[in-house]
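Below is one structure; the comments refer to it alone.
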Amino acid sequence: MPRLRTVAALAGAALLTRRALRRRIDRSPLWPLPALPVPTSGRPRARALTLTLGRRAEIAEGVVQLSLYGQDLPAWEPGAHLELTLPSGLVRQYSLCGDPADTSAYTLATRLVEDGRGGSREVHEELREGMRLRVRGPRNRFALKSSHAYVFVAGGIGITPVLPMLRAAEASGADWRILYCGRSRASMPFLDEVEKIAGPERLTVTAEDEAGLPDLRALFADVPQAAAVYCCGPEPLMDAVAEVLPAGCTLHTERFTAAAAVAGDEAFEVELRRSGRTVTVAADESVLAAVRKELPNTAYSCEQGFCGTCQQRVLAGEIDHRDELLVDGEREDSMLICVSRAKGGRLVLDL
């Protein structure tokens, strides 16, 4: 595969910025997606379901599709995701990419991340047809809002939440178009289906090994005013879309990496009220890591602010939220201790 070219070699402003070129479109660990929060603060959680893996198939290079079967499954809308508990106990989140009208099955797809944390490898190597798997959800933090016009941008496995959106946009009669980009056509899942739904007049496919990087300025050159833009893909792609977004358009994204550490982070104290202990969280340490030194059985999974397993109730102190999961009501008195911190010098947790 050719190496990523520099901005200067790609005709300057017409293509992605240098900052957006740091990673290849398909190389970024796009999945898992954000997940359902654990009700450690007493909130009800979605009912767990046990479903049967009825079909497992490789649908593109490094991508497997899973069909999980049950009866009268909870309804979902485009953009929703499902929390899947793997046999090892790892919890991962994947977008639903099937038909919302089908109440007998949930369809997921995931790419193998070679340097990931093990979830995708377990899906690819350990899951077999006939296995019984526990799921929670669906939950939707990337809902398709009503609009007269849409622009969809999908990078690699980021097509999974977008695919049901295409069907919904087409059914609504709205003006819409899609840019689908990836490392190669062979690595791009659901490409045939996207081509069938969109047709050549609405679809731009950019395979890196054929044409380099996508021309985002061309995509937005004649976009309808106040269009809703939905982007799923690696961070550089979403950053690049934000930079060229026309005035009046609204950008909807879902970020798949945790907030980076901030220069100037300081140490602070965390009181564990029920345990009667106080721990110091170092400037370069997570609350989770500090708490587990005292309470090693504290639950966690993703360590990136996505899955909600480490959500804890906050009794006192101001929270520096750095997750992409909690809704406003939850942020008032709870936090994900794997990524979020204190704004002041002290927090009190119900632990």
*Cα-based reach from residue 196 at 27 Å (exclusive), listing lysines while leaving out same-chain residues under 8 positions away*: 145
*What does the highest-first list of 154-165, 201-212, 295-306 look like by mean Cβ count within 10 Å?*
154-165, 295-306, 201-212
*Contour minus end-to-end for residue 53 and residue 222, with contour as 0.36 nm per residue of separation and end-to-end as the Cα-Cα distance?*
56.4 nm
*Once you sort the root eigenvalues of the Cα gyration tensor of segment 215-351 as a ≥ b ≥ c, which label holds: rounded (a/c under 1.5), prolate (a/b larger than b/c) or oblate (the other case)?*
prolate
*Whole Å is fine, so just give me how far the alpha carbon centre of segment 165-237 lies from that of segment 313-351.*
37
*Answer rounded, prolate or oblate for segment 49-139, using the Cα gyration tensor with square roots of eigenvalues a ≥ b ≥ c: rounded when a/c is under 1.5, else prolate when a/b is larger than b/c, else oblate.*
prolate
*Where Lys and Arg each count +1 and Asp and Glu each count -1, what net charge lies around residue 224 among other residues with Cβ under 14 Å from its Cβ?*
0
*Gyration tensor (alpha-carbon) shape descriptor, segment 268-349, a/c threshold 1.5*: rounded
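Read-outs: derived from the displayed coordinates by stated rules, not from any lab. Since the structure is predicted, the reported quantities are computational estimates derived from the model, not experimental observations. Every residue, glycine among them, receives a Cβ derived from its backbone with ideal geometry; neighbour counts consider all protein chains shown.
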